[in-house]
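Heads up: the structure comes next, in structure tokens.
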């Protein structure tokens with residue numbers, strides 16, 4: 001009996017049992033389930049192809065027994081007639097419970113026998129309840145609504161903040177220029193999330209795990225660039241704050257180009273390396289699988305930015321504590337340092353300190369907490385940045401009040417002139 005690439009009825013049942021769980025989350029752990037089976041199938045098909053070439057050669061005119069076969073779940077290697085082959089349940093986290101049961105198939109003169117015991121008896125699923133499926137579906141729908149509202153709020157606030165910094169000439173300085181770049185990285189990140197969702201998840205009939213179009217790869221590439229740029233402009237903000245403290249509130253405009261190079265250039269270089277690597281060595285799917293070894297091309301620079309920012313945060317806290325306690329600092333400078341201290345304490349989430357909690361854990365650990373921090377709370381991070389750096393900034397408020405007073409005075413003068421002309 002030759003190799004059959006169609007799963008038997010038991011395997012089809014197993015796949016149907018998996019489908020509700022796979023189709024709910026729409027996150028990378030689920031895609032890894034499908035990709036895991038695809039990788040195993042590809043490996044098995046390579047063995048089958050090698051066997052067919054070997055058996056077709058003059059040295060091996062044929063073989064008495066059962067050839068290697070992929071049944072949709074496991075690869076059954078070739079054995080002679082009368083022997084059997086045993087496989088364990090697939091070792092996939094959060095899908096199958098750990099079981100020591102073995103599934104056997106005998107090689108008979110008629111070919112492979114059916115699996116005994118069947119997969120659905122030997123391999124117990126972690127998630128089989130329809131109630132659990134509906135609960136998870138509701139959970140992720142709610143989470144999507146929350147982060148969509150968060151990113152929409154952040155985009156509106158960030159665009160308004162950029163407009164304020166750009167419109168008032170007195171607010172044009174190196175510090176606010178860095179803030180504008182930082183705001184732009186948040187805008188790109190929010191836009192990238194919406195673009196990615198619209199391409200990958202707009203049509204529920206399409207399997208996003210196996211999607212491999214240029215549009216989806218471009219969307220994922222843009223998303224990875226915006227995330228990297230966001231982290232590196234976060235790093236630039238930390239570097240600039242540390243520079244202000246070390247050089248007594250003086251700054252050099254020449255450094256702005258180094259900051260731009262770090263904030264936009266390093267992510268661009270990283271993403272280019274990642275794209276070339278994926279094209280050469282791992283060009284399958286939509287490049288949104290985080291289980292791949294090549295994901296570290298993106299993850300390593302992010303981890304570097306997070307931990308450098310964490311060290312900067314600790315150093316900034318140390319410098320501020322020293323300066324506040326110093327008897328040589330004047331009262332005015334102490335007030336400035338106290339304001340910076342309050343800002344630094346508020347900037348703890350902006351420095352990415354909360355990301356350190358998840359930085360060294362595998363992607364499948366603490367998925368619910370990770371999603372909540374990175375999607376829900378992370379979506380409002382742009383709004384928080386605009387609030388702290390712009391809307392609650394005393395200098396910005398004073399400039400808005402000054403221009404508002406000018407506008408009201410001008411409006412009053414125009415009204416008086418019109419009234420005089422009318423009465424005359």
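Return the FRET efficiency for the residue pair residue 88, residue 52: r is the Cβ-Cβ distance, R0 is 22 Å, and the value is rounded to the nearest 0.05. Kindly include the intermediate steps, with their values, before the conclusion.
Values: r = 27 Å, r/R0 = 1.21.
FRET efficiency, residue 88 to residue 52: 0.25.
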Residue separation between residue 279 and residue 168 times 0.36 nm, minus their alpha-carbon distance, gives in nm 35.4 nm
With each pseudo-label sitting 7 Å past Cα toward Cβ, what's the residue 45-residue 242 distance in nm, one decimal? 5.0 nm
Can you pull the one-decimal nm distance between simple spin-label points at residue 135 and residue 212, each 7 Å off the Cα toward Cβ? 3.7 nm
Difference of contour (0.36 nm per residue) and Cα-Cα distance, residue 400 to residue 308: 29.6 nm
Each label point is 7 Å from the Cα along the Cα-to-Cβ direction; what then is the distance between the points at residue 315 and residue 110, in nm? 7.6 nm
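Between residue 77 and residue 260, what length in nm is gained on full extension when 0.36 nm per residue of separation is reduced by their alpha carbon distance?
Working: separation 183, 0.36 × 183 = 65.88 nm, distance 5.63 nm.
Full extension of this stretch gives 60.2 nm more.
Every read-out reported here was derived from the displayed coordinates using simple, explicitly stated rules and does not represent laboratory data. Given the structure is predicted, the values throughout are model-derived calculations rather than measurements. Cβ: placed from backbone, ideal geometry, glycine included. Neighbour counts: every protein chain shown.
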